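The values are calculated or read from the model by the stated rules, or taken from the named source; none is laboratory data. In this text, all values refer to a predicted model and were calculated from it rather than measured experimentally. Neighbour counts run over all protein chains shown; Cβ positions are idealised from the backbone, glycine included. Heavy atoms of the whole protein, side chains included, go into the accessibility calculation; ligands, DNA and RNA do not. Shrake-Rupley method; radii C 1.70, N 1.55, O 1.52, S 1.80 Å.
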Amino acid sequence: DSVAWGGHNRLMDVDPVDWAERARAHADNATKKGVIAVACHTADYMAADVPSPTRVPLLMTRDYLFAGAHSFEGVVSTFAAGGSLAAMRRAAIRTYAKGEGKTEQHVGGAFTNPADKRWPGT
């Protein structure tokens, strides 16, 4: 299972979300879910709170970007094939770079997950 968001980071426009409270409100659903959030700076808003026994951050962002489907294609395809978190991040970078006509080095810093050395707590 996975939950994904792509588009404008609405979290920039509203009061801070209490992710722990939301998890308690849905405690009856203990199914582990992968979380993908492709919008501007999603890691800033979610990386510290989303990881839990039932939520695995598969891909988040650390920059402004176009929230197109290309990065989703990379991460979801790799997830479905059983790839690692590092492989999911690399696939998102590769497909985003190709879709935007940029180099992987240029866009690589925009994507993060717990396999990234910049992930909080690593």
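Can you go through Arg94, Arg118, Arg89 and tell me which one is under 15 Å from Ala47 (Cβ atoms), not in a loop (DSSP other than H, G, I, E, B) and not aliphatic (A, V, I, L, M)?
Arg89
From (1) farther than 15 Å from Val3 by Cα; (2) part of a helix (DSSP H, G or I), pick out the condition that doesn't hold for Val76.
Val76 satisfies all of (1) farther than 15 Å from Val3 by Cα; (2) part of a helix (DSSP H, G or I) except (1).
Among the residues of region 39-53, count how many are in contact (Cβ under 8 Å) with a residue 40 or more places away in the chain and outside any loop (DSSP other than H, G, I, E, B). Show your work before the answer.
Restricting attention to region 39-53, the residues satisfying the condition of being in contact (Cβ under 8 Å) with a residue 40 or more places away in the chain are 43, 47-48, 51.
Adding the requirement that they be outside any loop (DSSP other than H, G, I, E, B) leaves 43.
Count: 1.
Looking at Lys98, Lys33, which one is closer than 17 Å to Asp1 by Cβ and either modelled with pLDDT of 95 or more or of a type outside the set (Val, Ile, Thr) (or both)? Give the derivation first.
Working: Lys98 fails: closer than 17 Å to Asp1 by Cβ.
The conditions single out Lys33.
Conditions first: (1) open to solvent by less than 40 Å² (accessible area, probe 1.4 Å); (2) assigned to a loop (DSSP other than H, G, I, E, B); (3) of a type in the set (Gly, Ala, Ser). Gly82 passes all but one, so which condition is the exception?
It fails just one condition, (1).
Taking the options Glu73, Glu104, name whichever one is at pLDDT 95 or above and either of a type outside the set (Gly, Ala, Ser) or open to solvent by 70 Å² or more (accessible area, probe 1.4 Å) (or both). Don't jump to the end; show me each part of the working.
Values: Glu73 fails: at pLDDT 95 or above.
Answer to the selection: Glu104.
Consider only pairs whose beta carbons are under 6 Å apart and that are at least six residues apart or on different chains; among these, list those whose first residue lies in region 102-122 and is of a type in the set (Gly, Ala, Ser) and whose second residue is open to solvent by less than 40 Å² (accessible area, probe 1.4 Å).
Qualifying pairs under 6 Å: Gly108/Ile93; Ala110/Thr61; Ala110/Leu65; Ala115/Ala86.
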